[in-house]
Amino acid sequence: MTHVIQDDPAAGSVTARVPAKVNLQLSVGPLRDDGYHDLVTVFHAVSLFDEVTVTSAERTSVVVSGEGGPAVPLGPANLAVRAAVALARATGRRGKGLGGVKIEIRKRIPVAAGLAGGSADAAAALVACNELWRAGLSTAKLSEIGAQIGSDVPFALIGGTAVGLGRGERLTRALVSGSYHWVLAFGATGLPTPDVFAACDRLRAARAKDDEAPDVPAPRLSTKLMAALRSGDPAAVGPLLTNDLQPAALSLQPLLRRALQAGKEHGALGAMVSGSGPTCAFLAADANAARDLAVADTGAGVCRAVVQVSGPAPGASVVESGALA
Ligand code: C5P
């Protein structure tokens, strides 16, 4: 039963859907003083969606079901909760007893997988609460609030394909032709993003000469990749996929090498670890080739599960609104 607060002018229930992302380029600059790294990245949203329903309630709470649900924190550390609280504060609802929501997250995006699932749920919560509360905030304003919660939240709001700078939160849409067919191979255990960035720093330090700081060049956008994406030819895009975090992810989970190798042997046009991993993303020529690749990868037994997706997918959007004006 839904508990509706009597004096709340915007009671009811809203559901938003939000995509996972892969990074077509992930170039990592030196460690900054604030603990983050400057990035040049090309985000690409894919058709693997979480759903988040928000319902007016006296107090904010969260329940999580689906893929990896038990691993998702249920307290204030939950990124969707943090997003709802931040939006309530930004719109002046908090403190008036009107900013409570029950948040239900139905996960298909695995947790700690390099697919930005946590940021996706935060983005969906922002979009859903914005509708529930009839707050009318622009995507730019939601993005500003979301960037405080996770570096990938702004991209989850817009979806598509976009170049990300800074921590990944400064976005410019990229011109992309056609759609791309992917196979995602999920690992048996997750990889926490901070651990992978830290391993990247360690590998760089180990390569540096004695007593010298690692010489990490400022990352630059690949103009070749951008041209290939404009051409719409997956065979041109495949060899240009790059991820500076891949060696770090492989150092933490060496078995990922076998999964990448299996994908290449089964005809992938490009194979890489997605973001901080451990998900491996394989680019296929078309939907049929992706299906064959998914079957072959499943048979090879080098990953926990395999899904077939396509991109670019749209960003977080309301799919069902029972908001009572
Ligand atoms: O922004 P978010 O909370 O998703 O980042 C998680 C962690 O990933 C950060 O605490 C940091 O360790 C690492 N990170 C980074 N540089 C970035 C983005 C994330 O070092 N640009």
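The values are calculated or read from the model by the stated rules, or taken from the named source; none is laboratory data. Everything numeric here is computed off the predicted structure, so don't read it as measured data. All Cβ positions, even for glycine, are placed from backbone atoms using ideal geometry, and neighbour counts span all protein chains on display.
One table, with the values for the structure above:
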| read-out | value |
| --- | --- |
| Subset of the range 28-44 that is more than 11 Å from the ligand (Cβ to nearest atom) and touching a Leu at 6+ places or on another chain (Cβ under 9 Å) - its residue that is nearest to Val319 (Cα to Cα) | His44 |
| Of all residues in the range 38-73 being touching a helix residue (DSSP H, G or I) at 6+ places or on another chain (Cβ under 6 Å) and in contact (Cβ under 8 Å) with a residue 60 or more places away in the chain, the one that is farthest from Trp182 (Cα to Cα) | Val54 |
| Hey, Gly100 within 28 Å of Gly68 (Cβ to Cβ) and either surrounded by fewer than 24 Cβ atoms within 10 Å (Cβ to Cβ) or in contact with a strand residue (DSSP E or B) (Cβ under 6 Å, 6 or more places away or on another chain) (or both) or not | yes |
| Segments classed as strands (runs of 3 or more DSSP E), wholly inside the range 91-177, with at least 1 members that are within 16 Å of the ligand (Cβ to nearest atom) | 161-166, 170-173 |
| Residue list for the range 266-277, restricted to those being away from the ligand (no atom under 16 Å from the Cβ) and at pLDDT 95 or above | Ala268, Leu269, Gly270, Ala271, Met272 |
| Failed item in (1) in contact (Cβ under 8 Å) with a residue 24 or more places away in the chain; (2) within 25 Å of Gly311 (Cβ to Cβ), with Asp201 passing the rest | (2) |
| Residue list for the range 178-196, filter: in a helix (DSSP H, G or I) and more than 13 Å from the chain's Cα centre (by Cα) | Pro194, Asp195, Val196 |
| Tally of residues being part of a strand (DSSP E or B) and either among the small types (Gly, Ala, Ser) or within 14 Å of the ligand (Cβ to nearest atom) (or both) across the range 10-24 | 6 |
| The lone exception for Ala206 - which of (1) of a type outside the set (D, E, K, R); (2) more than 23 Å from the chain's Cα centre (by Cα); (3) within 16 Å of the ligand (Cβ to nearest atom) it fails | (3) |
| Selection from the range 188-219 of residues that are of a type outside the set (A, V, I, L, M) and over 30 Å from Val72 (Cα atoms) | Arg204, Arg207, Lys209, Asp210, Asp211, Glu212, Pro214, Asp215, Pro217, Pro219 |
| Selection from the range 158-184 of residues that are more than 26 Å from Cys280 (Cβ to Cβ) and at pLDDT 95 or above | Gly166, Arg170, Thr172, Arg173 |
| Selected residue [within 20 Å of Pro239 (Cβ to Cβ), in contact with a His (Cβ under 9 Å, 6 or more places away or on another chain) and modelled with pLDDT under 95] from Asp297, Asp286 | Asp297 |
| Residues of the range 178-192 satisfying the condition of being within 15 Å of the ligand (Cβ to nearest atom) and surrounded by fewer than 20 Cβ atoms within 10 Å (Cβ to Cβ) | Pro192 |
| Filtered residue count, the range 240-277, keeping only those that are in a loop (DSSP other than H, G, I, E, B) and within 18 Å of Gly190 (Cβ to Cβ) | 8 |
